[in-house]
Structure formats: C-alpha cells, structure tokens
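Visitor: Just dropping this structure here.
The values are calculated or read from the model by the stated rules, or taken from the named source; none is laboratory data. None of these values were measured; they are calculated from a predicted model. Note that each Cβ is placed from the backbone with ideal geometry, even for glycine, and that neighbours are counted across all protein chains shown.
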Amino acid sequence: MTASPPSLKIRMKVNGDSYESEIDPRMNLADYLREELALTATHVGCEHGVCGICNVLVDGRTVRSCLMLAAQADGREIRTVEGLAEGGKLHPIQEAFIEEHGLQCGFCTGGFMMAICEMLERNPSPSEEEIKDVVGGQICRCTGYNSILRAVNSAVSKMSASRP
Amino acid sequence: MAIEIPKSLAELPTTEPRFVGRGMRRVEDAALLTGRVQFIDDLVLPRMLHAAILRSPLAHGRITNVDTSRAEALDGVVAVVTGEDARRWSYPAQSSPDGWGVHCIAGDKVHFVGEPVAAVAASNRRVAEDALELIEVEYDALEPVADPFEAMKSDSPRVLDAQESNVMMDRTFTWGDVDGAFSQAPHVFREKFRWNRLGANPTETFGCISQWDPMALDLTIHGSIQSPGMFGLGRSASFGLPSNKVNIISQPHGGSFGGKGGTRGCDISCLLSRKAAGRPVKWIEDRGEYLLSGGSQAWDRHYDVSLAVDANGIVTGLKVILVDDLGATGEGYGAISAAKPLAAFTGPYTIPVAQYDLKLVATNKLPCGPYRGMGPPPHFFVLEQMMDIAARTLGEDPAEFRRKNFIPADQFPYTIPSGNEYDSGNYDEVLNQVLALADYEALRADQVRARAEGRLVGIGVASAIEPGVFDWNAYAIVGMPGTGVPEGATVSIDVLGMATVRVGFSLEGQGQYTLVSQLVADYFGYEPEAVRVVQLDTQSAPPSFGPGGSRLGVAITGAVLGACVRIREKMSRVVAVLMQTEPENIELMDGKFLLKGAPGAEMTVAEVAGTMLARSDLLPPDIDPRPEATHVWTAPGRTPADEEGRAKSYLTAAHAVHIVQVEIDRDTGMVEIQRYCLADDCGTRLNPDTVEGQTEGSVVQGIGAALLEEYVYDADAQPLCTSFMDYLLPTVFDAPKIEMVAVVTPSPFTPLGAKGCGEGAMHTTPAAVMCAINDALAPLGTAAREVPASPNRIWKLLDDARGGAHSSSA
C-alpha cells in the first residue's frame, strides 16, 4: 500500500530566525519545532492541551504547541525557551527560577517560563491573583508550586530593576 | 583497610563546611532552564524507527485472530510484532509474587484494557499509528472481574490462566501476643477504610530507544529510566541474555516518583528492533498510554483496622486487614507496596504488638506499580484515622494523645514489632515545634468560634515515619530476594587539580548532582563549579541503584565521601614520600595536605594530583599513581528477614508531624485548606533548600491524593480516567502556602548523620488532611473513610447527615 502524504510549504520565524519547510499537513507545532527544527527545549507533557508544558509564544501570545498545527503557525513569529537566554546570559526569569529553586526535574519549566514571559511583557507588575492565574494554567508535579510563585515574584523585581 | 566515612559535618576536613549543610544554586539548573539537557525524546539516533503499540479495548478476552498483513504493507512500516514474536523471543515478565508475569504482548488472552496486542516500527510515529489502524484483532469477550472481593471467590473468572485462583497471596503475620492485647484492652476500635487507585504521573512519560545487535546478540537501551541497573537486569531476564549483554543508558528524565514504569514498552521496542534487523527503535509513551496502561497506578486498597487501647489511653495493639487489588499481574511490583509498611508498621508509636492480614488479589485492571512512599502512605492514613477515632472517643486532644504514645527520645535505636529498627528521633520535640508554629491553641480557639457560626472547620494533627534508605529485605514476604543495595561513585582529580565524579544514575530532579559537588567541594576545598558530575551507562558505571526508597542522598553521600577518603589516604602517602615522613604526619585540611607541626610545609590537592600523574617515577612502586578512587557504599547492619518478615530493613526513620486546618463548604462538599504547617526531622540536612523543595512538592502530591486523584474503573473494569481532564492533578490553586520548621536529630548510622527524605511528606499529608476533614465533620456525627475526599463524596456525607434527598433516594 502506498501512502504518499500530501505536503505543505510553511514559513515562520522562530526566535528571530526564518525557516521554510515542506511538512505533513497534520504535523502539530510542537512536533514541527522538535523534529524539523531540532528545537527540543519545547517539551511535550500530555498532548491534549491540559498540562501546558509545551507552551510557546505565537505572535507574543502563549499557545499550547501540541494543540496548534504547524500549518496554523505559517507566517507567524514563534518564541521558544531557546530564545530566552541571549548572548550567553540567562533571562531574568531563568535566573529567578534558579535562585528560588523553581524547578526540580525541569521538564515542565519551559512552559511556565514562556507563559510568565508573556505575562511580564504585557504587565510588568502583575498582582498576586494574575500571577496565580498564569501559573494555574500549567501542571508541575515536582515543586508543589510554592517555589514557582516565589520565582515569578523574583523575576518581577529583577525585570523592574533592570528597566531604565 | 576499613574506610572511616565522616559521621558528621564536623568530621569533614574543612575548618567550616562552606557548602554541605547549606542551600546553594543547583549545578544542574542552567542546562535544564535553557533546554540543553537531553531528555529521551530529544535524542535521535541514525536510522532510528518509531514505535506505536496497539492495545486491548477489552478488560478480559480471548484473542482469536490477529491479522497484520495490511499494516505490514503500508509504506514506511519496517516491522510489526505480535504475541507470537513475544513468545518466540522473550520470557514472561519477572513478577512479585513469583509466577504472576505475562509476556509483553498478549498471546491468547488479554487481561486488562490497554494491554499490548501488537506493535509497529515505522519511519515516523504518525505512520506507525496509521499502521495500527490497519491491524485487525478478533476477540471473544470474557467476563471481567473488577472487584477484589468478587475475585477472591472460587467461582470468579480467573485473570491468569496459569494460576488456580486470583489470590496472589493470603497470609497473616503476627508480631507478639495480639489476641492477648485485644482481649485485655478496655477499649477496642474497629473501622473500615478505602484508598482508591492513584499514581505518580511525572510530567515526562516513559520513553526509550532500543537497539538489538544481531551480530553481538546484545541490547543497548537509552531511556528515561529511574533505576538503570535494576532495569537492565529485568531486560536480561526478559530476553534470556547474560546480564553483561544489556547496556542501559539512562537519560535525564522529567520526574519519576516511582511511576516511570515502561518495561513492557521497552521490551516491545527491543522485539521491534530485532525484527527490524537491529535498527534502533524509539518508543515514547504518550500521556493517554501512560494513564491507561503505563506505570501510572498504585494502591487500590480496602482496609479493616482495629486498635486496642488501655485505660490510660496507651495503644496496646494494632490489627490491619488489607485486601490489595494489584490488577492483572505482578509485573509492576505493586506487591512491594503492601510489604513496605513492615518497615514502619506501628508508625511513631510504642504499640508493642501488631498483626497484618495481607491479601493480594488479581483483577482485570492495570497491574499496580510503585508510587512515592511505596505503600506506607495509605497505611499511615488508616493508622492516623484510628488514632483520631480513639482520641475522639476517649475525649482526648489528638496532639496529646499522639504524644503519650510516641516512642520516647531516649529509647533509640528502637525495634518495632514488625522487625525494623528506627535509628533515632525526637518525636516530642517535632510535635512541640509544629504546635508552636501553628499556634495550635489559637487554631482550636478559632475553631470553636467558627463552629459557633455553623462553619465546618477542622484541624488535623498527623504524625508518620518515613522509612529511608530502602533494602530488598523489607520486601522478602512478597518474594523479593536479597539484602543490600550498593551505590558507587568514582572520584578522579585531573592533572590540573579539577575533580570529576562518575555515577550510575541520571538527573531526575532531586538535585543529587548538586549534592555530589557540595560533598567533593567541601572535602577537597573546591568551589562546587570545579566539580563535574558525569553519568555512565550500566556497563561502565560503578554499582548503582539510583534514586528510590528515599535512599540516594544518603547512599551517594557514603559513596562520594568513601571515594574522597580513599584518595586522601593515597595522597597522604604520596605527600609523606615527598616530605620524607610517615603518612600519619600528613593531614588534609581546606584543600591542602599539611605536615603536622611544620607550618608552611604543605601541598595543595592540585599539586599532589599533578605530581602523581606527571611524575609517577618519583613514587614508590606500590603506590597507585592515579588520583582516583571508587567507593561502593551499602547500608551497614542489614539482616535477612525471618519467617514473619522481620528484618533490619530501612536504615533510617525520618519523622514528621503535620497540622492542617480545613474548611468544608456545606453546599458543595469542597474542602479548602486554610493553613498547612509541618515540622520534620530527617537528620542532618545536607542541602536544606533541596529538602524543602522535596517537602513542598510532596505535600502537594499528598493533597492530590487526599482530595483529587483517582483512577476510576467501571464494573466491567473499563478505565474511565484516561486524560488529565478525568485524572485531576493538583494545580497552584490546590497548593496552600506551606509553613515548615526543621528538627535535626542526626542518624548514628549514616554518612554525616543524614536520613532519607525524598519521599517525605507524602507519608503524612494524606493522613493529616483526612484527619482535618473528619475533625470538621465530627459535630455532624459523620466521617470520611475513603480517599480521595472528593466533593461528591463529602457532599453525600453531608447530605446523609442532614437526612437529605440523596440518602432517602438511595
């Protein structure tokens, strides 16, 4: 039996770099990033949109990359964990997670960092409730969330201190 | 020569430890946070294929035909395997109890929903899953059994054809004159409890890449594997290979909590690789597969518990009848979870005699696996409910009732009736600390006011033991052989004085690589960044079990310090030769070898290492010139189990008391945790930040157990929880602020006095939350005896208590 799959050409920017690919139309964005672009910092936890581990930013908004087809990201700008640290320097959110022990196994952390990144870019001084709302969109099985909340608060102070 | 491993921080060769005993930035974090750690699904090997597994939709049925011809013809499909291949090329899984394993792919019969019936290896996962849809399997449905009490009846459908009944084990263990204690007791309390199935759910599921070498006839397996050495032995048994023909390379992995499982999927990927002429085959379990048929489920228990109490409120006897529904087979080692309570059967109390009537039963559900705590958490849930029932009936405060039954601080080491020895503790002090932290009297005063307003506010006080540093002998009663679990480490210092430590376990989240660098840094006067930790595969690493049974922190401390001591001894001899003195005159302190009584006569560790490696010609011929040593640490003094299962098993006994305040919503049955306080004592805290992180995470897992998490099956053993929409994990909204305080009673038996603490609060939290719920419900004359205490269950209790519609229609 032959199954010559249809293919689709897509273009997108990921962390500032331009990519053009021929893909299987049914490929989701998480698989595209991981398999086609070898950007494996985006992890996959449940593949049904609940856990939030695969969060990436699409045109600045947090998206479950397991629920979005790669084709839907055609022409968009994607940001992933690989784009957080710049020039060998960790992003303040990453620094904050280290200082506050906001991670243990580290598998889910990228998803949290991307959602937190979106929140802080929109609102540099979020309320406790807003922070909980964003952190509440995702599952971590190791930390019990207390240290993640501490990390977000620390990131807020770091980022506000670094603003002119 | 015997190796003297430092028993306390003061014995380290440093003026003041700069790293051990303190929190610090974890050495593993930068790589994790930038996505540079390679998890199993990030790894791609040349010519790699991708596997997908076809699973049984029936809980019980005969397979009458499997037709794979259309799947084999699909473009991109390289290999298809069925039960026939499994029978030809592999053996039934090792199991506990023995004889309860089956082949990794079902042959004649399926035993639970999700059991593999065929599998495909193809050019990518999407094609492999397409191919599954082309496989035709015909079944004759058989009557399933979902209830263990039905399964024990002689006319029940039999789960395994090869077994004569569904009862895997039925034995009563009696430790002391239990009948006497109960017949003489003025107060005897008896109650039934139900603990429903739940499980680990690490955020990363299991995955592996297996490669069968058709020429060398050996197996190489990369995977997200918690216990690589053990896993390798299991695979060698599955495939009838000598143990040195299986090499396991464990990738860093996204948590485990005992529930990584993966043995069936791994064996299937090995079969596929063999059929695909040795191409590597990747199998990544998806979340649906994990929830349905992975290492996801544990502790499906029905308890009937009795407590004997004397006229002074002292508990004089404990009887536990446990019917443990292990699911279809013993392949997941769920039986171990029923055996482990022997390591702490009577909790922190002086209860002198006890009895355990243990029934392990097979049903047509997923075989149970391990989960954090490995069995004692449900045991302590029932023990602590019994303590509260006794205290409440006798009109005593639950905190003080526990206090007078505590093992006194001067009684350690203390041997409990089920045979284990607790190393040390100060239970009174732990209780005092948490009572002060919570301001217990004020909490009770608030509760009186809340009750007067008609609010259902409850306070739970629960206390439990965390057995640490596991040993196989704890599981002797369910057929696990052996005593002793070694852990090794190799420490090497290079020509420029930099240190590398080689270990056999991978990153899992508990921060052990940081601990290793803290230890070496303080021992040889380094900065932790100067210490590199390298993980080796099972054919290269020193003996290693890895994390599990709250053991690795203690065990790796013993291994690393032992290796450091061996290097120090070797280097002292070298320095003595160079300084023309005897080794006894050489002392290591703060990274320098000093000639005693001769200030200024010294060599740095780097200088000694450089000399050894570059100028071995200067050394006497009997000195090994490598500045390197391996030490293999094993818990001292463990004993084989006697006929009643009694052994010195777990080396350490950490202790905790938790105080929880909850409020129950009368209209919805929702439980809100308003205050969470705990005190714990896990001996010397090697890295307090890490201990705190383990504790916080474990509390929230315990809250999930008490309030949310449950794998529901229907009467036909069909699983109803196969997504995160049905199986509820705690989110930040379920996680209270956790207030904690530490008590430190060092262990006299371990390196630096540390006790196992990784599983932690899971031992105490479910009990504490349930105690609080029942304290809230007490004025209504009702009580919750089933976990999770989900809103529907609590609402039904409330409705019954007010004689509501639920009870009248029921």
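Visitor: Hand me the list of helices (runs of 4 or more DSSP H) wholly inside segment A:109-164 holding 2 or more residues that are more than 13 Å from chain B (Cβ to nearest Cβ). Quick ask: steps written out before the conclusion?
Guide: Details: elements: A:109-122, A:128-135, A:146-162.
In segment A:109-164, the matching helices (runs of 4 or more DSSP H) lie at A:109-122, A:146-162.
Visitor: Looking at the structure I just gave you, is residue A:26 within 13 Å of chain B (Cβ to nearest Cβ), surrounded by fewer than 17 Cβ atoms within 10 Å (Cβ to Cβ), touching a residue at least 40 places away in the same chain (Cβ under 8 Å) and not β-branched (Val, Ile, Thr)?
Guide: Numbers: within 13 Å of chain B (Cβ to nearest Cβ): yes; surrounded by fewer than 17 Cβ atoms within 10 Å (Cβ to Cβ): yes; touching a residue at least 40 places away in the same chain (Cβ under 8 Å): yes; not β-branched (Val, Ile, Thr): yes.
Criteria met by residue A:26.
Visitor: So which residues in segment B:735-749 are surrounded by 19 or more Cβ atoms within 10 Å (Cβ to Cβ) and within 13 Å of chain A (Cβ to nearest Cβ)?
Guide: Hits for segment B:735-749 are B:735, B:736, B:738, B:740.
Visitor: Does segment B:104-114 include one or more residues that are in the same structural domain as residue B:212 (by TED's automatic domain parsing), at pLDDT 95 or above, aromatic (Phe, Trp, Tyr) and not in a loop (DSSP other than H, G, I, E, B)?
Guide: no
Visitor: Does segment B:172-207 hold any residues that are at positive phi and surrounded by fewer than 20 Cβ atoms within 10 Å (Cβ to Cβ), and which are they?
Guide: B:176
Visitor: Would you mention how many residues in segment A:47-67 are buried (at least 19 other Cβ atoms within 10 Å of the Cβ), assigned to a loop (DSSP other than H, G, I, E, B) and within 13 Å of the chain's Cα centre (by Cα)?
Guide: The total comes to 6.
Visitor: Another question about this same structure. Please identify the pairs in which a residue from segment B:433-457 that is charged (D, E, K, R) and surrounded by 11 or more Cβ atoms within 10 Å (Cβ to Cβ) has its Cβ atom under 7 Å from the Cβ atom of a residue that is modelled with pLDDT of 95 or more and assigned to a helix (DSSP H, G or I), counting only partners at least 6 apart or on another chain.
Guide: From segment B:433-457, the pairs are B:451/B:779.
Visitor: Also, I was wondering about something else. Run residue A:84 past the list (1) more than 13 Å from the chain's Cα centre (by Cα); (2) crowded, with 21+ Cβ neighbours inside 10 Å and report the number of the one that doesn't hold.
Guide: With (1) more than 13 Å from the chain's Cα centre (by Cα); (2) crowded, with 21+ Cβ neighbours inside 10 Å applied to residue A:84, the lone miss is (1).
Visitor: Under the condition of being outside any strand (DSSP E or B) and among the hydrophobic types (A, V, I, L, M, F, W, C), which residue from segment A:68-89 is farthest from the other protein chains (Cβ to nearest Cβ)? Explain how you work it out, then say what you get.
Guide: Taking segment A:68-89 first, the residues outside any strand (DSSP E or B) are A:68, A:70-76, A:80-85, A:87-88.
The next check asks that each one be among the hydrophobic types (A, V, I, L, M, F, W, C); those that pass are A:68, A:70-71, A:73, A:81, A:84-85.
Details: A:68: 16, A:70: 12, A:71: 14, A:73: 18, A:81: 5, A:84: 7, A:85: 5 Å.
Per the criteria, the residue is A:73.
Visitor: Kindly provide the set of residues from segment A:87-100 that are surrounded by fewer than 24 Cβ atoms within 10 Å (Cβ to Cβ) and touching a residue at least 40 places away in the same chain (Cβ under 8 Å), ordered by number. Reasoning before the result, please.
Guide: In the first step, residues of segment A:87-100 are kept if they are surrounded by fewer than 24 Cβ atoms within 10 Å (Cβ to Cβ); the result is A:87-92, A:95, A:98-100.
If the condition is that a residue be surrounded by fewer than 24 Cβ atoms within 10 Å (Cβ to Cβ) and touching a residue at least 40 places away in the same chain (Cβ under 8 Å), then A:92, A:95, A:99, A:100 are the ones that fit.
Visitor: Next up: Would you point out the residue of segment B:265-279, among those that are touching a Ser or Thr at 6+ places or on another chain (Cβ under 8 Å) and buried (at least 23 other Cβ atoms within 10 Å of the Cβ), that is nearest to residue B:694 (Cα to Cα)?
Guide: Step one: filter segment B:265-279 for residues touching a Ser or Thr at 6+ places or on another chain (Cβ under 8 Å), giving B:266-267, B:269-273, B:279.
Imposing the further condition that a residue be buried (at least 23 other Cβ atoms within 10 Å of the Cβ) reduces the set to B:266-267, B:269-273.
Working: B:266: 29, B:267: 32, B:269: 33, B:270: 35, B:271: 38, B:272: 38, B:273: 38 Å.
If we take residues in segment B:265-279 being touching a Ser or Thr at 6+ places or on another chain (Cβ under 8 Å) and buried (at least 23 other Cβ atoms within 10 Å of the Cβ), then B:266 is nearest to residue B:694 (Cα to Cα).
Visitor: Okay, moving on. Just one of the numbered conditions (1) away from chain A (no Cβ under 14 Å); (2) closer than 19 Å to residue B:516 by Cα is not true of residue B:758; which one?
Guide: (1)
Visitor: I'd like the full set of residues that are assigned to a loop (DSSP other than H, G, I, E, B) and over 13 Å from the mean Cα position of the chain (by Cα), limited to segment A:10-46.
Guide: Of segment A:10-46, the ones assigned to a loop (DSSP other than H, G, I, E, B) are A:15-16, A:24-27, A:37-46.
The answer is A:16, A:24, A:25, A:26, A:27, A:37, A:38, A:46.
Visitor: With the requirement that a residue be modelled with pLDDT under 95 and in a helix (DSSP H, G or I), what does segment B:517-551 give you?
Guide: B:528, B:529, B:530
Visitor: So in segment B:58-81, with the set limited to residues that are closer than 21 Å to residue B:280 by Cβ and among the β-branched types (Val, Ile, Thr), which one is nearest to the other protein chains (Cβ to nearest Cβ)?
Guide: B:77
Visitor: Another one. Are any of the residues in segment B:77-100 of a type outside the set (Asp, Glu), crowded, with 24+ Cβ neighbours inside 10 Å and in contact with a His (Cβ under 8 Å, 6 or more places away or on another chain)?
Guide: yes
Visitor: Restricting to segment B:287-305, and then to whatever is away from chain A (no Cβ under 13 Å) and among the hydroxyl-bearing types (Ser, Thr, Tyr), can you tell me which residue is surrounded by the most Cβ atoms within 10 Å (Cβ to Cβ)?
Guide: So the residue we want is B:293.
Visitor: To continue, here is another question. For residue B:98, indicate whether it is of a type in the set (Asp, Glu), in a helix (DSSP H, G or I) and touching a residue at least 24 places away in the same chain (Cβ under 8 Å). Write out each step before concluding.
Guide: Numbers: of a type in the set (Asp, Glu): yes; in a helix (DSSP H, G or I): no; touching a residue at least 24 places away in the same chain (Cβ under 8 Å): yes.
When the stated conditions are applied, residue B:98 does not pass them.
Visitor: A follow-up question, please. Quick check on residue B:352: is it part of a helix (DSSP H, G or I) and in contact (Cβ under 8 Å) with a residue 24 or more places away in the chain? Step through it out loud before you land on a result.
Guide: Details: part of a helix (DSSP H, G or I): no; in contact (Cβ under 8 Å) with a residue 24 or more places away in the chain: yes.
Considered against the rule, which asks whether it is part of a helix (DSSP H, G or I) and in contact (Cβ under 8 Å) with a residue 24 or more places away in the chain, residue B:352 comes out as no.
Yes or no, residue by residue, for (1) surrounded by fewer than 24 Cβ atoms within 10 Å (Cβ to Cβ); (2) away from chain A (no Cβ under 14 Å); (3) touching a helix residue (DSSP H, G or I) at 6+ places or on another chain (Cβ under 6 Å); (4) not aromatic (Phe, Trp, Tyr):
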| site | (1), (2), (3), (4) |
| --- | --- |
| B:653 | no, yes, no, yes |
| B:660 | no, yes, yes, yes |
| B:674 | yes, yes, no, yes |
| B:679 | no, yes, yes, yes |
| B:716 | yes, yes, no, yes |
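Visitor: Let me ask something else. Counting only residues that are buried (at least 23 other Cβ atoms within 10 Å of the Cβ) and over 18 Å from residue A:103 (Cβ atoms), which one in segment B:22-51 is farthest from the chain's Cα centre (by Cα)?
Guide: B:49
Visitor: Specify the residue that is nearest to the other protein chains (Cβ to nearest Cβ); the eligible residues are those in segment B:6-19 that are hydrophobic (A, V, I, L, M, F, W, C) and more than 20 Å from residue A:104 (Cβ to Cβ).
Guide: Just the residues of segment B:6-19 that are hydrophobic (A, V, I, L, M, F, W, C), to begin with: B:9-10, B:12, B:19.
So of that shortlist, the ones also more than 20 Å from residue A:104 (Cβ to Cβ) come out as B:9-10, B:12.
Details: B:9: 21, B:10: 27, B:12: 24 Å.
If we take residues in segment B:6-19 being hydrophobic (A, V, I, L, M, F, W, C) and more than 20 Å from residue A:104 (Cβ to Cβ), then B:9 is nearest to the other protein chains (Cβ to nearest Cβ).
Visitor: Tell me yes or no: at least one residue of segment B:558-576 is of a type in the set (Ser, Thr, Tyr) and surrounded by 21 or more Cβ atoms within 10 Å (Cβ to Cβ).
Guide: The first filter runs over segment B:558-576 and keeps only residues of a type in the set (Ser, Thr, Tyr), leaving B:572.
Checking which are surrounded by 21 or more Cβ atoms within 10 Å (Cβ to Cβ) leaves us with none.
No, that holds for no residue.
Visitor: Report every pair of residues separated by at least 6 positions or lying on different chains whose Cβ atoms are under 6 Å apart, first residue within segment B:242-256 and free of Cβ contacts under 8 Å to residues at least 40 places away in the same chain, second of a type in the set (Ser, Thr, Tyr).
Guide: B:243/B:236
Visitor: Is one or more of the residues making up segment B:549-559 touching a residue at least 24 places away in the same chain (Cβ under 8 Å), over 23 Å from the mean Cα position of the chain (by Cα) and more than 14 Å from chain A (Cβ to nearest Cβ)?
Guide: Looking only at segment B:549-559, we keep the residues that are touching a residue at least 24 places away in the same chain (Cβ under 8 Å), and these are B:549-559.
From what's left, over 23 Å from the mean Cα position of the chain (by Cα): none.
No, the conditions are met nowhere in segment B:549-559.
Visitor: Let me spell it out: the conditions are (1) in contact with a helix residue (DSSP H, G or I) (Cβ under 9 Å, 6 or more places away or on another chain); (2) modelled with pLDDT of 95 or more, and residue A:108 meets all of them except one. Which number is the exception?
Guide: Condition not satisfied by residue A:108: (1).
Visitor: Tally up the residues in segment B:31-57 that are more than 12 Å from chain A (Cβ to nearest Cβ), touching a Leu at 6+ places or on another chain (Cβ under 8 Å) and not β-branched (Val, Ile, Thr), please.
Guide: Taking segment B:31-57 and keeping what is more than 12 Å from chain A (Cβ to nearest Cβ), we get B:45-47, B:49, B:51-57.
Retained after the next criterion (residues that are touching a Leu at 6+ places or on another chain (Cβ under 8 Å)): B:49, B:51-55.
Keeping just the survivors that are not β-branched (Val, Ile, Thr) gives B:49, B:51-52, B:54-55.
Residues in segment B:31-57 being more than 12 Å from chain A (Cβ to nearest Cβ), touching a Leu at 6+ places or on another chain (Cβ under 8 Å) and not β-branched (Val, Ile, Thr): 5 in total.
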